[in-house]
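**Student:** My structure is below; once you've seen it, I'll send some questions.
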Amino acid sequence: MRFEGIFAALTTPFAPDGSVALDKFRENLARYNRTHLRGYVVVGSTGESVLLSFDEIDRIWNTARESAAPGKLLIAGAGVDSTSETIARSRSAAELGYDAVLIKTPHYFKALLTPVALERHYMTVADASPLPVLIYSIPQYTGISITADWVARLAEHPNIVGIKESSGNLQLISEIIHLCPPKFSTLVGSAGTLFLSLLLGGAGGVLALACFLPEAAVEIYEAVRAGDTARASRLQFTILYASRKIAGELGPTGVKYAMDCVGYYGGDPRPPLCPLTEAQRKTVEAVLAESIARQKLDDLGVAR
């Protein structure tokens, strides 16, 4: 299976008492199921994975499996710093019927996590995981940077099938696409790089922006695949600011508020993350309104 298309990096909704609001999670998925998203990443960075217990993660994974429409691919965010625990979580996701696991780079012992140590981690996980493995590079959170030749070595493993590369570094993305085999799926994690990465041969994206503007991201992907690069380029400009100001700068908290603005359930983040300030909320509202207005103008064929 080649993982391609647009995947939403799902948020985890919380109730006012701080517990996971699985009913709201189901409602969001019911709406996403009506979009052209290829599938979902469940419990990744946007899902506040590091703030959840494994019992909560297991219940969220179960709910997504029960609620996702047939044909939607499910990718479990299963990576933690421990190799053995990552393997255990990968096996749990397999038992639930997931399609792949997303494994972020370990990062706590940074000084000791050499390329050799990281490679050993991924190779060991890939050997033991019943599911295909996607590498997850997000240096802005982990502080761990990767290189394209390192990815290419991992891509030789038959069970390492792709990468979610979230640095926003187009040079790195282009090198990964060039050095890895065609069957290897290079998915970007930054919506701001979506159009250009697709032109370079990327497979799609796993995007926080797809939580609140799912069809906007899908339309860029479909336009490139149809050869309409002029339209894809115009559409990319409609999401650039939202990608940077909401998903990039404000993270899960900004994404959740943007979801609230367009009719999904976002809600507050889990502490120690703080809700947005009033000024930040107004910024999200203004950026979102501008992005939606630009998309409507493009749909009407109005030049800007």
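The values are calculated or read from the model by the stated rules, or taken from the named source; none is laboratory data. Source: prediction; values computed, not measured. Note that each Cβ is placed from the backbone with ideal geometry, even for glycine, and that neighbours are counted across all protein chains shown. Only protein heavy atoms, including side chains, enter the accessible area calculation; ligands, DNA and RNA are left aside. Shrake-Rupley method; radii C 1.70, N 1.55, O 1.52, S 1.80 Å.
**Student:** Quick check: is even one residue across segment 262-283 closer than 23 Å to TYR32 by Cβ, part of a helix (DSSP H, G or I) and at pLDDT 95 or above?
**Tutor:** No, there is no match, as no residue in segment 262-283 is closer than 23 Å to TYR32 by Cβ, part of a helix (DSSP H, G or I) and at pLDDT 95 or above.
**Student:** Ok, one more. Could you tell me how many of the residues in segment 78-112 are touching a Phe, Trp or Tyr at 6+ places or on another chain (Cβ under 8 Å) and surrounded by 20 or more Cβ atoms within 10 Å (Cβ to Cβ)?
**Tutor:** Matching residues across segment 78-112 total 9.
**Student:** Take the residues in segment 130-142 that are open to solvent by 10 Å² or more (accessible area, probe 1.4 Å) and in contact with a helix residue (DSSP H, G or I) (Cβ under 6 Å, 6 or more places away or on another chain); name whichever of them is farthest from HIS178 (Cα to Cα).
**Tutor:** PRO130
**Student:** Also, quick follow-up: Can you spot a residue in segment 288-299 that is surrounded by 19 or more Cβ atoms within 10 Å (Cβ to Cβ) and modelled with pLDDT of 95 or more?
**Tutor:** yes
**Student:** Based on this model, can you work out whether GLY162 counts as closer than 17 Å to GLY5 by Cα and either open to solvent by less than 40 Å² (accessible area, probe 1.4 Å) or touching a Pro at 6+ places or on another chain (Cβ under 7 Å) (or both)?
**Tutor:** Values: closer than 17 Å to GLY5 by Cα: yes; either open to solvent by less than 40 Å² (accessible area, probe 1.4 Å) or touching a Pro at 6+ places or on another chain (Cβ under 7 Å) (or both): yes.
Yes, satisfied.
**Student:** Could you grab me the full set of residues in segment 260-276 that are over 21 Å from the mean Cα position of the chain (by Cα) and either surrounded by 17 or more Cβ atoms within 10 Å (Cβ to Cβ) or at positive phi (or both)?
**Tutor:** If the condition is that a residue be over 21 Å from the mean Cα position of the chain (by Cα) and either surrounded by 17 or more Cβ atoms within 10 Å (Cβ to Cβ) or at positive phi (or both), then LEU276 is the only one that fits.
**Student:** Does THR35 satisfy the condition of being touching a residue at least 60 places away in the same chain (Cβ under 8 Å), crowded, with 22+ Cβ neighbours inside 10 Å and on the phi < 0 side of the Ramachandran plot? Explain how you work it out, then say what you get.
**Tutor:** On the way: touching a residue at least 60 places away in the same chain (Cβ under 8 Å): yes; crowded, with 22+ Cβ neighbours inside 10 Å: no; on the phi < 0 side of the Ramachandran plot: yes.
Criteria not met by THR35.
**Student:** Within segment 178-192, can you find the residues that are within 18 Å of the chain's Cα centre (by Cα) and either open to solvent by 50 Å² or more (accessible area, probe 1.4 Å) or not hydroxyl-bearing (Ser, Thr, Tyr) (or both)?
**Tutor:** Scanning segment 178-192 gives PHE184, LEU187, VAL188, GLY189, ALA191, GLY192.
**Student:** Before we move on, is TYR257 surrounded by fewer than 21 Cβ atoms within 10 Å (Cβ to Cβ) and part of a helix (DSSP H, G or I)?
**Tutor:** Numbers: surrounded by fewer than 21 Cβ atoms within 10 Å (Cβ to Cβ): no; part of a helix (DSSP H, G or I): yes.
It is false that TYR257 is surrounded by fewer than 21 Cβ atoms within 10 Å (Cβ to Cβ) and part of a helix (DSSP H, G or I).
**Student:** Go through (1) crowded, with 22+ Cβ neighbours inside 10 Å; (2) closer than 30 Å to LYS24 by Cβ; (3) in contact (Cβ under 8 Å) with a residue 40 or more places away in the chain one by one and return the number of the condition VAL125 breaks.
**Tutor:** (2)
**Student:** Tell me, please, whether a residue that is assigned to a loop (DSSP other than H, G, I, E, B) and either of a type outside the set (Phe, Trp, Tyr) or open to solvent by less than 30 Å² (accessible area, probe 1.4 Å) (or both) can be found in segment 58-66.
**Tutor:** no
**Student:** For GLY205, indicate whether it is closer than 20 Å to VAL101 by Cβ and either touching a helix residue (DSSP H, G or I) at 6+ places or on another chain (Cβ under 9 Å) or surrounded by fewer than 16 Cβ atoms within 10 Å (Cβ to Cβ) (or both).
**Tutor:** Against the criterion (closer than 20 Å to VAL101 by Cβ and either touching a helix residue (DSSP H, G or I) at 6+ places or on another chain (Cβ under 9 Å) or surrounded by fewer than 16 Cβ atoms within 10 Å (Cβ to Cβ) (or both)), GLY205 qualifies.
**Student:** Taking the criterion of being in contact (Cβ under 8 Å) with a residue 24 or more places away in the chain, charged (D, E, K, R), within 30 Å of ARG59 (Cβ to Cβ) and part of a loop (DSSP other than H, G, I, E, B), would at least one residue in segment 165-172 satisfy it?
**Tutor:** no
**Student:** Going by the conditions given, is ASP23 touching a helix residue (DSSP H, G or I) at 6+ places or on another chain (Cβ under 7 Å) and among the charged types (D, E, K, R)?
**Tutor:** For ASP23, the condition - touching a helix residue (DSSP H, G or I) at 6+ places or on another chain (Cβ under 7 Å) and among the charged types (D, E, K, R) - is not met.
**Student:** Please verify whether segment 16-26 includes one or more residues that are in a strand (DSSP E or B) and under 20 Å from GLY251 (Cα atoms).
**Tutor:** Within segment 16-26, one or more residues are in a strand (DSSP E or B) and under 20 Å from GLY251 (Cα atoms).
**Student:** Among the listed residues ALA286, ALA230, ALA203, ALA279, which satisfies the condition of being among the aliphatic types (A, V, I, L, M) and within 15 Å of the chain's Cα centre (by Cα)? I'd like the intermediate steps shown before the answer.
**Tutor:** On the way: ALA286 fails: within 15 Å of the chain's Cα centre (by Cα); ALA230 fails: within 15 Å of the chain's Cα centre (by Cα); ALA279 fails: within 15 Å of the chain's Cα centre (by Cα).
Only one candidate qualifies: ALA203.
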